[in-house]
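Peer 1: Okay, here's the structure, questions in a sec.
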Amino acid sequence: MVAQSREAEQRTYLRKERRDAYFAALRVAVLDVRRLRYEHARKVRKLREVERYWTKTKRIEMSMEALIALHAFGSDEARQFSVAWRVATEANDLDTMQRLVEQFRALMRVELQEG
């Protein structure tokens, strides 16, 4: 009985860590997409507003924390997302970035609803 309780606690802990990692990664991805959309649309005022609140230093910190958590607690598919995300962001490929965000949201729904 004690062993089952510990296993249940461990599963709950790992599920929460995975959830938190996925939300951190999605937060970074949505922010990156928003910034690039504003940049492409030449919405300088909106871009400045975003960058004033989320400074470059803060964005780098958020990104690194999300990446570490994703690699520690994410599935293989989630880690593949991080690789594809890096390639798309380095290329400033907004279309691919938007597609990846939607794919990651779908992955999150599936994985986080599994019990």
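Peer 1: Only one of Leu107, Leu47, Leu67, Leu100 is surrounded by 14 or more Cβ atoms within 10 Å (Cβ to Cβ), over 25 Å from Glu17 (Cα atoms) and not basic (Lys, Arg). Can you tell me which?
Peer 2: Values: Leu107 fails: over 25 Å from Glu17 (Cα atoms); Leu67 fails: over 25 Å from Glu17 (Cα atoms); Leu100 fails: over 25 Å from Glu17 (Cα atoms).
Answer to the selection: Leu47.
Peer 1: Still on this structure: For the range 26-44, give me each residue that is within 14 Å of Trp85 (Cα to Cα), of a type in the set (A, V, I, L, M) and either surrounded by fewer than 16 Cβ atoms within 10 Å (Cβ to Cβ) or out of contact with any helix residue (DSSP H, G or I) (no Cβ under 6 Å at 6 or more places or on another chain) (or both). First the steps, then the outcome.
Peer 2: Residues of the range 26-44 within 14 Å of Trp85 (Cα to Cα): 26-33, 36.
Right, trim to of a type in the set (A, V, I, L, M) and you get 26, 28-31, 33, 36.
Answer for the range 26-44, where residues must be within 14 Å of Trp85 (Cα to Cα), of a type in the set (A, V, I, L, M) and either surrounded by fewer than 16 Cβ atoms within 10 Å (Cβ to Cβ) or out of contact with any helix residue (DSSP H, G or I) (no Cβ under 6 Å at 6 or more places or on another chain) (or both): Leu26, Val30, Leu31.
Peer 1: Further question: List pairs: first in the range 1-29 and closer than 23 Å to Ser63 by Cβ, second open to solvent by 100 Å² or more (accessible area, probe 1.4 Å), Cβ under 8 Å, 6+ apart or cross-chain?
Peer 2: From residues that are closer than 23 Å to Ser63 by Cβ, the pairs are Ala24/Glu65.
Peer 1: Looking at this structure, is Phe23 surrounded by fewer than 16 Cβ atoms within 10 Å (Cβ to Cβ), part of a helix (DSSP H, G or I), of a type in the set (Phe, Trp, Tyr) and at pLDDT 95 or above?
Peer 2: Details: surrounded by fewer than 16 Cβ atoms within 10 Å (Cβ to Cβ): yes; part of a helix (DSSP H, G or I): yes; of a type in the set (Phe, Trp, Tyr): yes; at pLDDT 95 or above: yes.
Yes; evaluated as a whole, the condition is true for this residue.
Peer 1: Checking the structure you have, find out if any residue of the range 1-15 is touching a Lys or Arg at 6+ places or on another chain (Cβ under 7 Å) and among the hydrophobic types (A, V, I, L, M, F, W, C). Quick ask: steps written out before the conclusion?
Peer 2: Keep residues of the range 1-15 that are touching a Lys or Arg at 6+ places or on another chain (Cβ under 7 Å), which gives none.
No, the range 1-15 has no match at all.
Peer 1: While we're here: Please work out which residue is nearest to Ala41 (Cα to Cα), limiting yourself to the range 81-92 and to residues that are more than 12 Å from the chain's Cα centre (by Cα) and open to solvent by 60 Å² or more (accessible area, probe 1.4 Å).
Peer 2: Asn92
The values are calculated or read from the model by the stated rules, or taken from the named source; none is laboratory data. Please read these numbers as outputs of a predicted model, since none were measured by experiment. Glycine gets a Cβ as well: all are built from the backbone with ideal geometry, and neighbour counts include every protein chain shown. Just the protein is used for accessible areas: all its heavy atoms, side chains included, with ligands, DNA and RNA removed. Shrake-Rupley method; radii C 1.70, N 1.55, O 1.52, S 1.80 Å.
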